[in-house]
Amino acid sequence: MSTETVPARTAADEYRPVDLARVREIIGFPSPFIAEKKQSFIGEFVARFIAHSTFFCVATTDESGRLDNSPKGDPPGSVRILDPWTLAVPDRPGNKLADTFENISRNPAVGLVFFVPGVREAVRVNGDAFLSDDPELLAMLGAEGKPAVLATVVRVREVFSQCGKAVVRAKLWEGDRRGLAEAMTLGGETAAMIVAESAGKMASSFGGMVGELGDRLEHEYRYGLY
């Protein structure tokens, strides 16, 4: 972490913070489905998504609450799902700063967001992590014939998908040639896979409108970005 001295006053001091009541006044409240979509395990859709993900970010915090967010890139399938409640994340040779590892050693809380090239939606996983140097696990997480340097084992607490407005606004994916989006969705739509994964929960929230989720997402992506 940087130890550079922060001036007594910065540009942030020109603005007045607002409380959560004001935030809710501005943005409103989520629909029942959105509010209830989190689950405590990795289902088939999320497992498929993570297996095809080549880019993800890992957020950690130290004992005083200071955050770090580290980007990770790897071939598809590098993050392993050991069971529906456990992920194993490989570490490759890097700059040796080890901010993520220092944080995890002090505070196990982690948050991950996964992306699949060509897919607008993302998957988020929150949980508690620890570090492992187990040789068999490092070999399992290997790439290009070399074992992982270390493994981050994540005990999953929350799993949920997120709509693709941020990706659409950023125009993030411009023609991935590997076809990972088609492989992940089996040529279908992400919305259909989300519905299939959480049909019971969605039925209680949406009733007979479950089948309209894909159309709703497309409408939001087309008209609700700004």
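All conditions in (1) outside any strand (DSSP E or B); (2) touching a helix residue (DSSP H, G or I) at 6+ places or on another chain (Cβ under 8 Å) hold for G188, with the sole exception of (2). For region 39-73, the tally of residues that are over 14 Å from the mean Cα position of the chain (by Cα), of a type in the set (S, T, N, Q) and outside any loop (DSSP other than H, G, I, E, B) stands at 1. A count restricted to region 106-121 and to residues that are among the small types (G, A, S) and at pLDDT 95 or above stands at 2. Looking across region 67-101 at every residue that is closer than 16 Å to R124 by Cα and of a type in the set (A, V, I, L, M, F, W, C), the one that is surrounded by the fewest Cβ atoms within 10 Å (Cβ to Cβ) is identified as W85. Hey, among the residues in region 102-138 that are in contact with a strand residue (DSSP E or B) (Cβ under 9 Å, 6 or more places away or on another chain), touching a residue at least 60 places away in the same chain (Cβ under 8 Å) and not in a strand (DSSP E or B), which one's surrounded by the fewest Cβ atoms within 10 Å (Cβ to Cβ)? Checked region 102-138; the qualifying residue surrounded by the fewest Cβ atoms within 10 Å (Cβ to Cβ) is P117. Checking the structure you have, find out if any residue of region 151-170 is buried (at least 16 other Cβ atoms within 10 Å of the Cβ), farther than 28 Å from P30 by Cβ, in contact with a Ser or Thr (Cβ under 7 Å, 6 or more places away or on another chain) and modelled with pLDDT of 75 or more. Scanning region 151-170 turns up at least one residue that is buried (at least 16 other Cβ atoms within 10 Å of the Cβ), farther than 28 Å from P30 by Cβ, in contact with a Ser or Thr (Cβ under 7 Å, 6 or more places away or on another chain) and modelled with pLDDT of 75 or more. Kindly evaluate F33 against the criterion of being in contact with a strand residue (DSSP E or B) (Cβ under 9 Å, 6 or more places away or on another chain), surrounded by 10 or more Cβ atoms within 10 Å (Cβ to Cβ) and either part of a loop (DSSP other than H, G, I, E, B) or not acidic (D, E) (or both). Here the answer is no, as F33 does not meet what is asked. Annotation: of all residues in region 171-197 being of a type outside the set (V, I, T), under 29 Å from A129 (Cβ atoms) and modelled with pLDDT of 80 or more, the one that is farthest from the chain's Cα centre (by Cα) is R178.
The values are calculated or read from the model by the stated rules, or taken from the named source; none is laboratory data. Predicted model, so just to flag it, every value in this text is computed and none were measured. Cβ atoms come from the backbone with ideal geometry, glycine included; neighbour counts cover every protein chain shown.
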